[in-house]
Structures are given as C-alpha cells and as structure tokens.
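**Q** One structure follows; several queries about it will come next.
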C-alpha cells in the first residue's frame, strides 16, 4: 500500500468549504481514481483550521496516476485556493498493517 498525507491550514472561514470539497471529490472523482483504496480528512481539535488528508492507494503508480489526472489537478488548485499556503505532502510505503 502507498499512502499520501497532506497537511494544510484553511483560510479563515473556509473550513466548511474544505470539507465540502473533499465530499465532492468522493462523489465525483473517486469513481475515476483507479487504485485508490480509502481516505480520510482530519481536523485538529485544538486548531480547527488545521487539516490532514490521508489517501491510501494500491501502489505508488496508482497514486501518481490519480494526481496527474487533469480533473484532480483542477481539484487540487481549488483546495490550494481555500488554504493559507500550498499543502505540505508526504508519501509513505506500507511497512506493516494490522487488521
């Protein structure tokens, strides 16, 4: 499994728009995201403007294919417009997993 984690801070007042954008992704882009397994969006309890998005893929190649899709690129631009700065991204390969 390959995992990407994005961390970012929403612009003031854009928290709900960020959640709605992720829900829109789930409805409209997820069906086209081959190799996408699951994801979640977290927000910091102490600082509700801070979000962490976690996406799990079958492989690094699957993650790359999703992120290179023009619709995904447009979605990412919209996310950046709602954030204070470009999201910080980290990528991980699964080393161990519990059921």
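No value in this document is a laboratory result; all are computed from the given coordinates. Please read all numbers here as calculations on a predicted model, not as lab measurements. Note that each Cβ is placed from the backbone with ideal geometry, even for glycine, and that neighbours are counted across all protein chains shown.
**Q** Which whole number in µm²/s is D for the chain by Stokes-Einstein, with the Kirkwood Rh taken over Cα pairs at 37 °C and 0.692 mPa s?
**A** Values: Rh = 14.0 Å.
In µm²/s, the coefficient is 235.
**Q** Can you put 79, 42 in order of Cβ neighbours within 10 angstrom, beginning with the fewest? Before the final figure, lay out the partial values.
**A** Working: 79 21, 42 12.
Ascending number of Cβ neighbours within 10 Å: 42, 79.
**Q** Take the Cα atoms of segment 52-99, find their three principal axes, and give me the spread along each one in whole Å, biggest first.
**A** 36, 22, 16
**Q** Round to the nearest 10 and give me the degree value, 0 to 90, for the angle of helix 15-28's Cα axis relative to the longest principal axis of the chain.
**A** Long axis of 15-28 versus the principal axis of the chain: about 30 degrees.
**Q** Taking the alpha-carbon set of segment 3-49, what are its Rg and Dmax in Å?
**A** 12.1, 35
**Q** When only Cα pairs under 8 Å and 6 or more residues apart are kept, what is the percent relative contact order across segment 2-93?
**A** On the way: 132 pairs, mean separation 45.1, N = 92.
Relative contact order for segment 2-93 comes out at 49 percent.
**Q** Would you list 96, 25 from fewest to most Cβ contacts within 10 Å? Present the calculation step by step, with values, prior to reporting the outcome.
**A** Values: 96 4, 25 21.
The order, fewest Cβ neighbours first, is 96, 25.
**Q** Right, another one. Report, in degrees rounded to the nearest 10, the 0 to 90 angle that the Cα long axis of helix 70-82 makes with the longest principal axis of the chain.
**A** Result, in degrees: 30.
**Q** Sort 45, 50, 66 so that the residue with the fewest other Cβ atoms within 10 Å of its own Cβ comes first and the one with the most comes last. Each step should come with its number before you reach the end.
**A** Numbers: 45 7, 50 16, 66 20.
Listed from fewest to most nearby Cβ atoms, that is 45, 50, 66.
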